[in-house]
Amino acid sequence: MRICAFRDITAFILDTASRAGLMDVAVNYVKDADEAHAALTAHQADIVFMSYDDTLSMALQDHDSDIAAVMPVHGGILDLCGELEPVRGKTVVGIDTDSGYARALRHYLHGRYPAPQEYARLHWVRAGATNLRYEKLIAGQLDATLLNPPYSLKAGVVRLGDLRGSIGAYQGVVANVNQSSVTDARQRAAVIAFICAFSQTVDDMKAQPEPTIERLAQYYGLPSEEARAVYWRLWEPDGLAVGRQLDQEQLACTERLFSADTGIAVPAARTWVLAL
C-alpha cells in the first residue's frame, strides 16, 4: 500500500507496524502539506496523512469532492517552541503552509497579541514540515514554531506551552483517501485492513510502555529520558487517538478555526468524512 505522511510520530507508528508484519507499505515522507495535497489529488498514494484542516482546505477551498478523512491519528500534540520576543525587531514564526496547524497558531497568537501593532511584529515564513521546522529552529533560522513529538521534546528546544487552552479540542492528523478509490471492493478492504493494523499498533503502544519507550529511543536516537517524555506526551488529551472513530467535538472545533480564518462556512453534512 502506498502511503504519504509527515515525519512526525506517524512515521514511528508505521515503522512499528511494518516491523511487526501488520502491514506492507511504501511510505513517501513529504516536505510540506502542498506535497501531501498533490499526492492525494493525483492518486499517487492510497492513504495520505495530513491535518484535518488540510482536509477541509481541499474539500472547501479547492472544491475537491473526491477526498475523505477516514481515521483519526492524533490531536496535533502541538507545543509552541522557541522564543516569541527576541532581541531583534520582528519575530520569525515558521509554519508549514497557510493551512493546517498555521490556522491554530494564528488563532493562538492573535489572542496573545490582540493589539494590531504587536501582532504585526510577527513575520511568518514557510519552513516546511515538522522535522524541517525543528532543524531550522535549532539552526537559529526561526524564532518560534509549532512542533510535536519527538521534535518538541528534543534537547535544546524551549517549549513555551501547548495550544490546548487556546484552541480547545482539536483534530490534528487524519488519514485521507480518495472516495472513488474505495468504491473498489478490494481497495476498500485493503484500506480497512490498514486502519485496523494502525489502530492495533497504537493500542499496543499504550499497553506496553517500556518496550515502546525503548523503540522510540532506538528509532529517533533519543536518550532514554527524552524517549520516556515523548512516550507520555503521546497520551495527553491532544495526543494519539485510541480507536478508529473521528471525534465529533474535535472535528467541530477545527472547523470553527477554519471558518474564522477563511470566512468559509462549513456545511453541516460532512461529505469529506467517510466511515469505513
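Taking region 105-123 as the region of interest, how many residues are surrounded by 19 or more Cβ atoms within 10 Å (Cβ to Cβ) and either β-branched (Val, Ile, Thr) or not in a helix (DSSP H, G or I) (or both)?
Start the filter on region 105-123 by keeping residues that are surrounded by 19 or more Cβ atoms within 10 Å (Cβ to Cβ), which leaves 105-106, 108-109, 122.
If we keep only those that are either β-branched (Val, Ile, Thr) or not in a helix (DSSP H, G or I) (or both) as well, we get 122.
So the count comes out to 1.
Can you find even one residue in region 223-236 that is closer than 23 Å to LEU163 by Cβ, modelled with pLDDT of 95 or more and in contact with a Phe, Trp or Tyr (Cβ under 7 Å, 6 or more places away or on another chain)?
no
I need the full set of residues from region 174-220 which are under 19 Å from HIS43 (Cβ atoms) and touching a helix residue (DSSP H, G or I) at 6+ places or on another chain (Cβ under 8 Å), in order please.
Passing the criteria: VAL174, ALA175, ASN176, VAL177, ASN178, SER181, VAL182, GLN187, ARG188, VAL191.
May I ask you to verify whether LEU40 is at pLDDT 90 or above and in a helix (DSSP H, G or I)?
Values: at pLDDT 90 or above: yes; in a helix (DSSP H, G or I): yes.
Criteria met by LEU40.
Out of region 216-262, which residues are part of a loop (DSSP other than H, G, I, E, B) and more than 19 Å from THR10 (Cα to Cα)?
As a first pass, look at region 216-262 and keep what is part of a loop (DSSP other than H, G, I, E, B): 221-223, 234-239, 241-247.
Result: PRO223, single match.
Can you find a residue that is assigned to a loop (DSSP other than H, G, I, E, B) and surrounded by fewer than 19 Cβ atoms within 10 Å (Cβ to Cβ) anywhere in region 124-138?
Taking region 124-138 first, the residues assigned to a loop (DSSP other than H, G, I, E, B) are 127-129.
Imposing the further condition that a residue be surrounded by fewer than 19 Cβ atoms within 10 Å (Cβ to Cβ) reduces the set to none.
Looking for residues that are assigned to a loop (DSSP other than H, G, I, E, B) and surrounded by fewer than 19 Cβ atoms within 10 Å (Cβ to Cβ), one finds none in region 124-138, hence no.
Is it the case, given these coordinates, that MET58 is open to solvent by 10 Å² or more (accessible area, probe 1.4 Å) and touching an Asp or Glu at 6+ places or on another chain (Cβ under 6 Å)?
Here the answer is no, as MET58 does not meet what is asked.
Could you please find all residues in region 203-253 being of a type in the set (S, T, N, Q) and open to solvent by 50 Å² or more (accessible area, probe 1.4 Å)? Talk me through it step by step, then tell me what you get.
Step one: of region 203-253, the residues of a type in the set (S, T, N, Q) are 208, 212, 218, 224, 245, 248, 250.
Residues satisfying the conditions are GLN208, GLN218, SER224, GLN245, GLN248.
I need every pair where a residue in region 1-29 that is at positive phi and in a loop (DSSP other than H, G, I, E, B) has its Cβ under 7 Å from the Cβ of a residue that is at pLDDT 95 or above and basic (Lys, Arg), sequence separation at least 6 or different chains.
So the pair list comes out empty.
Sort through ASP64, ASP34 and tell me the only one that's at pLDDT below 95, more than 24 Å from SER199 (Cβ to Cβ) and either out of contact with any His (no Cβ under 6 Å at 6 or more places or on another chain) or buried (at least 24 other Cβ atoms within 10 Å of the Cβ) (or both).
Values: ASP64 fails: at pLDDT below 95.
Result: ASP34 is the single residue among ASP64, ASP34 that is at pLDDT below 95, more than 24 Å from SER199 (Cβ to Cβ) and either out of contact with any His (no Cβ under 6 Å at 6 or more places or on another chain) or buried (at least 24 other Cβ atoms within 10 Å of the Cβ) (or both).
Inside region 162-174, can you point out the residues that are crowded, with 24+ Cβ neighbours inside 10 Å and assigned to a strand (DSSP E or B)?
Across region 162-174, the qualifying residues are VAL173, VAL174.
The values are calculated or read from the model by the stated rules, or taken from the named source; none is laboratory data. Here the structure is a predicted model, which is why all the values come from computation and not from measurement. No Cβ is skipped: glycine too gets one built from the backbone with ideal geometry, and neighbour counts run over all protein chains shown. Accessible surface areas use protein heavy atoms only, side chains included; no ligands, DNA or RNA. Shrake-Rupley method; radii C 1.70, N 1.55, O 1.52, S 1.80 Å.
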